[in-house]
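What follows is a short report on a single structure.
None of the figures in this text is laboratory data; all of them are computed from the coordinates on show. Since we're looking at a predicted model, the values are computed, not measured. Neighbour counts run over all protein chains shown; Cβ positions are idealised from the backbone, glycine included.
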Amino acid sequence: MIQRIFTSPKAILTVLLAVLAVVPVVYAERVKDIASIAGVRDNQILGYGLIVGLDGTGDSTGKVRYTEQSLRSMLSQYGVSLPADIQISPKNVAAVSVHATIPPFTKPGQRIDVTVSSLGDSTSLRGGALLMTPLRGADGAVYAIAQGEILVGGISASGADGTEVQKNISSAGRIPNGATLERAVGSSFENNPDITLNLHSPDFTTAERVVEAINSTLGGNQAFAIDAVSIVVRGPLDIANRVGFISVLENVEVTPDAVARIIVNSRTGTVVIGENVMVMPAAVSHGNITVTINEDVNVNQPGALAGGETAVTADTTIDISEQSGSIRAIPKGVTLNEVVKSLNEVGTSTSDLIAILEALKQLGALRGQLIII
């Protein structure tokens, strides 16, 4: 059974900071850059609201009926009753969706940014203001209230003859600090003494290296991996010491492992080769065939006394030239530089390089995953 070894929280932090200070600087990444802490996450909220004050660029309520229904419902809440047979079509109102992201540990009373997007046929939200809109989470509970003037980055203008000029998108905008959080999102972070790190890219080798680096820094067997993604670290029992402990944990440096991959974008001709890609011994022949067609016209003019007619004949010359296809042996590449150098020596273009990589993969000489996107 592994016991938790903790004495004074301040003494633990002092020792951890001292150990971290003497760790030699190597080419590596911090734990906080390759992993996230379980329970520390964003949460999305969504709402439906009305924007008013538009300069004639709102929804066509004759076509977008839910905007009229929403306006009637809002007015009825404030004691304004409209007969059902009377149609209202204000062009300064637009129905919008309102969404925002709650950062982790955000407390009630704090403000967050919101984004609004038109749901109807409004041409522009510029100059409008969002009325009080509840924002709900996936559980249906209201977590924030949004309201405020909208900032729109786009602009559009049209003339009577149908001419229209538009720059960027004017049917969506943002309200900085436009929502006030009314309810905190629950998290298991404060209730669980153990800290779970989840790698962004699942890999058994990287998970083992993270465990070794953390145990080397903290001492003992404080960390262990449960799969290719999650590493559990035994944290301090005192909640007041957890923030400092995680700060040290996040700055532990690890050299992550990477799968040998080659990514090829066939549309743009982009080729990205990973560090661990190797090429086994192979021979590559590369040559081009060039066909040149020259069209010329010969004019035959008869003499003045011959009585003939002027004749025009075509003169076509076709030339076929083939560059000598060099056969070059590619040695076993042990580094990325050697692989690229060997392929460049063949004199290939980007499109030819893609074809050569595919052929090497079919041959079995390419040690790595070839991914075509």
Can you put ILE102, ILE86, ILE356 in order of Cβ neighbours within 10 angstrom, beginning with the fewest?
ILE86, ILE356, ILE102
What's the whole-number percent of alpha carbon pairs in the range 43-181 lying beyond 24 angstrom?
35
With label points built 7 Å along Cα→Cβ from the Cα atoms of ALA141 and GLN44, find their separation and express it in nm.
2.0
Among SER36, SER73, SER171, SER122, which comes first, second and so on when ranked by fewest other beta-carbon atoms within 10 Å?
SER73, SER36, SER171, SER122
Give the share of C-alpha pairs in each 5 angstrom bin for the range 176-223, from 0 to the last occupied bin, in whole percents, shortest bins first.
4, 16, 15, 16, 15, 10, 9, 7, 8, 1
Restricting attention to the alpha-carbon atoms of the range 185-253, what are Rg (one decimal) and Dmax (integer), both in Å?
12.0, 35
Suppose R0 equals 30 Å. What FRET efficiency, 1/(1 + (r/R0)^6) with r the Cβ-Cβ distance, do PHE105 and THR255 give to the nearest 0.05?
0.50
In what order do TYR48, TYR143 fall by count of nearby beta-carbon atoms within 10 Å, going from fewest to most?
TYR48, TYR143
